[in-house]
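Step one of this worksheet: look at the structure below.
The values are calculated or read from the model by the stated rules, or taken from the named source; none is laboratory data. Keep in mind that this is a model prediction, so the values were computed, not measured. As a convention, Cβ positions derive from the backbone with ideal geometry for all residues, glycine included, and neighbour counts pool all protein chains shown. What goes into the accessible areas is simple: the full protein's heavy atoms, side chains included, and nothing from ligands, DNA or RNA. Shrake-Rupley method; radii C 1.70, N 1.55, O 1.52, S 1.80 Å.
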Amino acid sequence: MVRVTLGGDIEGFTSLGFDDHVKLFFPTGSLGEDGQPEFMARDYTPRRHDPQAGTLAIEFVIHDAGPATRWAEQAQPGQMLQIGGPRGSFVIPTDFDWHLLIGDDTGLPAIARRLEELPAGARAVALIEVDGPDDHVDTGSAADVTVNWVHRDGAEAGAPDLLSQALQRLELPRGDYYAWAACESLVAKALRAQLIADHGANPKWIRAAGYWRRGAVAVHDVIND
């Protein structure tokens with residue numbers, strides 16, 4: 001993962017929800033019919049916005065080379081990047097008895113941001129899938145947080161059972177909770193069903209999203225059933 005901090009013309013930028021997404025427009029290296037450079041849009045989480053400093057941090061998961069990975073790997077001070085959004089924010093209250101956050105590498109920036117923004121006195125459990133121990137990141141928080149790392153250990157990203165089995169093994173706290181999950185689309189859909197069927201989750205208090213889908217590009221699925 002690579003964090004790139006953007007500056008420049010971002011006055012008035014607002015991101016109220018930890019899982020907001022902005023569109024980043026990357027040059028493709030090709031010219032359109034009008035002779036102008038063409039761009040390709042991808043969705044990313046605003047990891048940290050500092051309005052006083054005028055900066056916006058974006059974290060890129062480095063994977064099979066696409067336009068975003070290529071740009072992030074070579075990003076240098078002075079280069080330009082266009083951003084758009086977020087178009088709106090879905091703000092999840094913090095006053096539940098506790099919070100459950102589940103994701104893979106693509107959901108990690110939003111999870112880390114949520115933990116960072118939870119107040120003292122809140123309680124959260126995070127379940128995060130990464131390649132291995134070297135991919136752990138600091139998840140500082142004022143809240144009472146338990147982070148459970150799930151290692152692929154050579155398995156393919158988006159394997160259907162890793163997060164599901166890890167969730168089944170967890171001893172979850174009692175009380176009303178909000179569950180949030182973002183990962184491969186089919187995995188996120190299965191996790192939502194598992195939470196309802198096996199872990200007493202209220203369907204109204206679940207937000208699940210596919211931040212990517214195996215065999216597809218530029219996917220953002222909101223899962224409601």
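Select from the range 125-171 those GluC sites (Glu not before Pro) which occupy a DSSP coil region and have at most 13 other Cβ atoms within 10 Å, ordered by residue number. Numbers along the way, then the final one.
On the way: sites: GLU129, GLU156, GLU171; in loops: GLU156, GLU171.
Answer in residue order: GLU156, GLU171.
Measuring from centroid to centroid over Cα atoms, what is the spacing of the range 80-124 and the range 179-217 in Å?
One Cα centre to the other: 15 Å.
Name the residue from HIS99, VAL150, PRO160 whose Cα lies farthest towards the positive end of the charge dipole of the range 98-161, charges +1 on Cβ of Lys and Arg and -1 on Cβ of Asp and Glu.
HIS99
Sorted by average packing, counted as other Cβ atoms within 10 angstrom per residue and highest first, what order do 215-222, 75-82, 158-165, 16-23 take? Please report the intermediate quantities before stating the final value.
Numbers: 215-222: 12.4, 75-82: 10.1, 158-165: 16.8, 16-23: 19.2.
Per-residue Cβ counts within 10 Å, averaged per peptide and sorted highest first, yield 16-23, 158-165, 215-222, 75-82.
Obtain the nm distance between the two label points defined at GLU33 and ASP97 by a simple spin-label model: each point lies 7 Å from its Cα along the Cα-to-C-beta direction.
Output for this residue pair reads 6.0 nm.
How far is it, in nm, from the label point at LEU172 to the one at THR14 when both lie 7 Å from their Cα along the line to the Cβ?
3.3
Please give the contour-minus-distance gain from ALA120 to SER89: 0.36 nm per residue of separation, less the Cα-Cα distance, rounded to one decimal in nm.
8.9 nm
Taking H as built 1.01 Å from N, whose amide H comes closer than 5 Å to the amide H of GLY17, not counting residues under 5 places away?
Counting only residues 5 or more places away or on other chains, the set is PHE90.
Explain nothing, just the number: dipole magnitude of the chain about its Cα centre with +1 on each Lys and Arg Cβ and -1 on each Asp and Glu Cβ, in debye rounded to the nearest 20. If you can, show how the numbers build up before the last one.
Working: 19 positive and 33 negative charges, 81 e Å.
So the magnitude is around 400 debye.
Spelling out what I want: for every residue of the range 53-61, take phi, set θ = phi - 60°, compute 6.51 cos²θ - 1.76 cosθ + 1.60 (Karplus), and round to whole Hz; glycine and proline get x.
7, x, 10, 9, 9, 10, 10, 10, 7
Solvent-accessible area per residue for the range 54-116 at a 1.4 Å probe radius, Å²? Spell out each step's value before the answer.
Values: 2930 Å² over 63 residues.
Computed with neighbouring chains in place, this is 47 Å² per residue.
Leaving out ligands, DNA and RNA, and with a 1.4 Å probe, what % of the accessible surface on the chain is carbon or sulfur?
Details: 5730 of 12080 Å².
Within the chain, the accessible surface is 47 percent carbon and sulfur.
Determine the calculated [θ] at 222 nm for the chain from helices alone, applying -39500 (n - 2.57) to every DSSP H run no shorter than 4 residues and normalising by the residue count; nearest 500 deg cm²/dmol.
Values: 4 runs with 40 residues, N = 225.
For the chain, the value works out to -5000 deg cm²/dmol.
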